[in-house]
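**Student:** Below you will find the structure I want to go over with you.
The values are calculated or read from the model by the stated rules, or taken from the named source; none is laboratory data. The shown structure was predicted, so the numbers you read here are calculated from the model rather than taken from an experiment. Every residue, glycine as well, gets a Cβ built from its backbone with ideal geometry; the counts of neighbours run over all protein chains shown.
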Amino acid sequence: MGFQRHTLDNGLTILADVDAAAQTTAAGFFVRTGARDEATPLMGVSHFLEHMMFKGTNDIDAHELNRRFDALGARSNAYTSNEMTCFYTHLLPEALPEGLDLLSRMMRPALRQADFDTEKGVILEEIAMYQDNPFWRLYEATIEKHFAAHPMGHRVLGTPDTITAMQRDAMQGYFDTRYSADNTIVALAGKLDFDRCVEDVERLCGAWQRTRAGRDSTAPAVGGGTLELRSDKVNRGYVLALMKAPAFEDDRRYAAALLAQVLGLPDNSRLHWSLVEPGIAEEAQASYDPHDGSGEFFVYASCEPSRIEEVWSIVDGQLKGLASSLTQDDIDRLLPKIVTGTTLGAERPHDRMHRLGRLYTYLHRYWSLEEELEKVSRVTLKDLRDLCEAFPMKPTTVGRMLPAV
């Protein structure tokens, strides 16, 4: 394996994790833009644009674009988050040149008014579908309360109001600013000729403009507090709590990831054994979500509505006692699973491409799998306890969803 990097004159960066022994290749275009980069009236435009990319270019319609990817035997998709949008494909090495050609064409969509109008209905249906998911409704409402007026609280899908009011020209303006050469990374992994790929990408994307699109990564001041939602569509009780945690660029994120698993790994953790195993709650989990400039710990549980206070009391007790209850056995038990999972992912070019693009989009640097595993393996019991002191396990924002009275 070997890491390669090249930056075009317009600022577009091309990265590769080359493995001559691999049997496949993966490529992805990572754009450093997402819901947090949207003006509030345009909430949801990044995700809407993700859909529009598959509607074709000025010379290739949506049907032809899909047909060509299928003809390559490629597996292609995209995703949008609060902080990045990614378009990718996984295919055989001999198909990579045409795969890059199709991806780069996708990245300059036609944004036809007719397609925009049609897809707006699709987005509104998607929002309605997620509103039928109790966890998702609670998550969006709790995130909004947690971040108050900061755009980190924006909904990735947008709202029915923002999507309905959105105009095609406003989307074009957002695209022209954010989907620039110097705000995009092309990540490659697997069996490939890097010099050939650089030549291809320069030919395909060398005329893209540089816009110096930026982002304020200052850690946001959070609102916090409590909220309660009632719905006649739910029969269970749900609780979701948020706490501050290290940012993506903070090396304490390795300790944070481990701590979240100690607390709330789905099948073997403090919350599992205190809530799920004795039958008090159906689900009880914890997670760590790092961002650009900030991060959060999440704790989530679902149960019979009548037991919501009991469940929260147990969750609160586990949070308060976490630091003092930590042992070396927690680390010894979880580290092998983390190392195995990380290593298994590194065997697939698809996973290596996503790791490479994500790391570089956030940190503008690369380290090997071996370096990553060394960072994980160096986490100590003291690191976990110090983390609990620096980021107390005291919920900042707590949301609940219960059946209508």
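**Student:** Name, by its number, the condition in (1) surrounded by 15 or more Cβ atoms within 10 Å (Cβ to Cβ); (2) not in a helix (DSSP H, G or I) that does not hold for Leu124.
**Tutor:** All conditions pass for Leu124, except number (2).
So that you can scan it fast, the table gives a plain yes or no per residue for (1) under 18 Å from the mean Cα position of the chain (by Cα); (2) charged (D, E, K, R):
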| residue | (1), (2) |
| --- | --- |
| Val122 | no, no |
| Tyr130 | yes, no |
| Trp136 | yes, no |
| Glu140 | yes, yes |
| Lys145 | no, yes |
| Ala149 | no, no |
| Gly153 | yes, no |
| Val156 | yes, no |
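**Student:** Same structure again: From (1) farther than 15 Å from Gly357 by Cβ; (2) among the hydrophobic types (A, V, I, L, M, F, W, C); (3) modelled with pLDDT of 95 or more, pick out the condition that doesn't hold for Val31.
**Tutor:** Of (1) farther than 15 Å from Gly357 by Cβ; (2) among the hydrophobic types (A, V, I, L, M, F, W, C); (3) modelled with pLDDT of 95 or more, only one is false for Val31: (1).
**Student:** Moving on to the next point. Output yes when any residue across the range 78-94 is in a helix (DSSP H, G or I) and either polar (S, T, N, Q) or more than 23 Å from the chain's Cα centre (by Cα) (or both), and no when none is. Give the derivation first.
**Tutor:** The initial filter retains those residues of the range 78-94 that are in a helix (DSSP H, G or I), namely 93-94.
Next cut, either polar (S, T, N, Q) or more than 23 Å from the chain's Cα centre (by Cα) (or both) only: 93-94.
Yes; the residues of the range 78-94 include at least one that is in a helix (DSSP H, G or I) and either polar (S, T, N, Q) or more than 23 Å from the chain's Cα centre (by Cα) (or both).
**Student:** Can you report the number of residues in the range 318-330 which are touching a residue at least 24 places away in the same chain (Cβ under 8 Å) and small (Gly, Ala, Ser)? Steps first, answer last, please.
**Tutor:** First pass over the range 318-330, keeping only residues touching a residue at least 24 places away in the same chain (Cβ under 8 Å): 318-320, 322-323, 325-328, 330.
So of that shortlist, the ones also small (Gly, Ala, Ser) come out as 323, 325.
Total satisfying the criteria: 2.
**Student:** Check off (1) at pLDDT 95 or above; (2) among the polar types (S, T, N, Q); (3) assigned to a loop (DSSP other than H, G, I, E, B) for Asn58 and give me the number that stays unchecked.
**Tutor:** Status for Asn58: all satisfied but (1).
**Student:** Between residues in the range 338-350 that are closer than 18 Å to Val18 by Cα and residues that are part of a helix (DSSP H, G or I) and among the acidic types (Asp, Glu), which pairs lie under 6 Å by C-beta distance while being six or more apart or on different chains?
**Tutor:** Gly345/Asp351
**Student:** Could you list, in sequence order, all residues of the range 244-257 that are surrounded by fewer than 23 Cβ atoms within 10 Å (Cβ to Cβ) and in a strand (DSSP E or B)?
**Tutor:** If the condition is that a residue be surrounded by fewer than 23 Cβ atoms within 10 Å (Cβ to Cβ) and in a strand (DSSP E or B), then Lys244 is the only one that fits.
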